[in-house]
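This report concerns only the one structure given below.
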Amino acid sequence: MIKGTPELIADRREVIINACEKLYQTMSFKEITLKEIGKEVPFSRPTIYNYFETKEEIFLALYEREDIRWNESLAEILNRSETLPKKKLADAIAQSLSERKQLLKLLAMNNYDMEANSRQELLVSFKRAYGTSMDLMRKILKKYCPQMKKQETEHFIYTFFPFMFGIYPYTEATEKQMNAMMEAEVNFRPHTIYEVTYNCLIYLLDRN
């Protein structure tokens with residue numbers, strides 16, 4: 001059992017997650033180790049093990065935090081008083097994701113390994129945040145697209161959420177990837193997160 005007040009425990013978890021997030025700006029998932037994370041926190045590296053047993057658990061916590069932040073944006077869309085026609089609804093959702101590049105980057109990772117190397121209670125906590133995202137989207141569609149039937153709503157959910165896993169790779173190509181595209185003569189034009197997301201949303205909404 002972790003010793004300390006709930007406030008201290010929460011604070012140290014945030015410090016560890018923030019350290020991981022900082023490293024993830026310039027390093028790949030493979031390059032980041034608990035040793036590297038330990039260099040970024042103001043306490044000893046062994047202390048990290050009181051909160052997270054693997055680096056995958058830290059990334060999962062970062063992933064959950066990003067999901068929670070996106071949920072806050074979805075809740076704001078849901079609680080708007082005005083009516084949102086399809087284009088404005090697509091705009092609002094696309095804008096909410098364009099502000100969550102970190103979330104989309106994490107979605108593009110190998111989630112199977114991340115989840116497999118995390119304890120069950122942490123995985124359940126993450127899945128709860130992810131499930132909340134889906135529930136909020138259902139409520140948004142019910143409010144602003146009342147003509148959509150339940151089956152159509154579920155089709156939207158299980159098309160758009162898997163689609164989100166591919167947004168980051170199509171909007172954040174590295175110089176190496178771009179050079180490879182040119183050498184392979186692949187006709188590729190970078191798009192923004194907003195553009196890719198908006199176009200998908202409009203396509204799905206116009207079908208219902």
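Just so it is clear, none of the values below were taken in a lab; they were calculated from the coordinates. A quick note: this is a predicted structure, and the numbers were derived from the prediction, not measured. Here Cβ is always computed from backbone atoms with ideal geometry, including for glycine, and neighbour counts include all displayed protein chains.
Longest stretch of the chain clear of exposed loop sites (chymotrypsin sites (Phe, Trp or Tyr not before Pro), DSSP loop, at most 15 other Cβ atoms within 10 Å, sites excluded): 50-164.
All C-alpha pair distances within segment 1-146, sorted into 5 Å bins from zero, spread as 2, 9, 17, 19, 17, 13, 10, 7, 4, 2, 0 percent across the bins.
Which one, L122, A75, N110, projects farthest toward the positive side of the charge dipole computed for segment 67-206 from Cβ point charges (K/R +1, D/E -1)? Positive-most Cα among the choices belongs to A75.
Tell me what the chain gives for mean residue ellipticity at 222 nm when only DSSP H runs of n ≥ 4 count, each as -39,500 (n - 2.57), the sum divided by the residue total, rounded to 500 deg cm²/dmol. Please report the intermediate quantities before stating the final value.
Working: 12 runs with 146 residues, N = 208.
Mean residue ellipticity at 222 nm (helix-derived): -22000 deg cm²/dmol.
Of Q95, Q177, Q147, which is the most mobile in a GNM of the chain whose springs link Cα atoms less than 10 angstrom apart? Top of the fluctuation ranking is Q177. Look at the alpha carbon pairs under 8 Å that are at least 6 residues apart: their mean separation over the length of the chain gives a relative contact order of 24 percent.
K86: which aspartates and glutamates have alpha carbons under 14 Å from its alpha carbon, excluding same-chain residues fewer than 8 sequence positions away? In chain and number order, the partners are D206.
Among the trypsin sites (Lys or Arg not before Pro) within segment 29-102, which fall in a DSSP loop and have no more than 16 other Cβ atoms within 10 Å of their own Cβ?
Sites meeting the loop and neighbour criteria: K30, K39, R80.
Once C-alpha pairs closer than 8 Å and six or more residues apart are averaged by separation and normalised to the residue number of segment 1-51, the relative contact order reads 35 percent.
Excluding same-chain neighbours fewer than eight residues apart, the lysines reachable from K30 by a Cα-Cα span under 28 Å are K22, K39, K55, K101, K105, K127, K176.
The dipole here belongs to segment 100-202: it is taken about the Cα centre, uses +1 on the Cβ of Lys and Arg and -1 on the Cβ of Asp and Glu, and is about 660 debye. Its Cα centre serving as origin, segment 70-129 has a Cβ charge dipole (Lys and Arg +1, Asp and Glu -1) of approximately 160 debye. In the elastic network of the chain, a GNM with C-alpha springs shorter than 10 Å, the most mobile of M27, M114, M148 is M27. Over the C-alpha trace of segment 1-51, radius of gyration and Dmax come out as 11.3, 34 angstrom.
Could you size up the charge dipole of the chain around its Cα centre, putting +1 on the beta carbon of Lys and Arg and -1 on that of Asp and Glu, and report it in debye to the nearest 20? Write down the numbers at each step before the final one.
Working: 30 positive and 30 negative charges, 111 e Å.
Dipole of the chain, to the nearest 20 debye: 540 debye.
Per Stokes-Einstein, at 10 °C and 1.306 mPa s, what whole-number D in µm² s⁻¹ belongs to segment 97-141, with the Kirkwood radius over Cα pairs as the hydrodynamic radius? For the chosen part, D equals 133 µm²/s.
Quote the Stokes-Einstein diffusion coefficient, in whole µm² s⁻¹, for segment 67-206, based on the Kirkwood radius over alpha carbon pairs, a temperature of 20 °C and a viscosity of 1.002 mPa s.
On the way: Rh = 16.4 Å.
So the translational diffusion coefficient is about 130 µm²/s.
Straight-distance candidates among the lysines for linking to K150, with alpha-carbon spacing under 16 Å and chain neighbours fewer than 8 residues away dropped: K139, K142. For segment 40-50, 3J(HN,Hα) computed residue by residue from phi via the Karplus equation (6.51, -1.76, 1.60; θ = phi - 60°) reads 9, 9, x, 9, 5, 4, x, 5, 4, 5, 6 Hz, glycine and proline entered as x.
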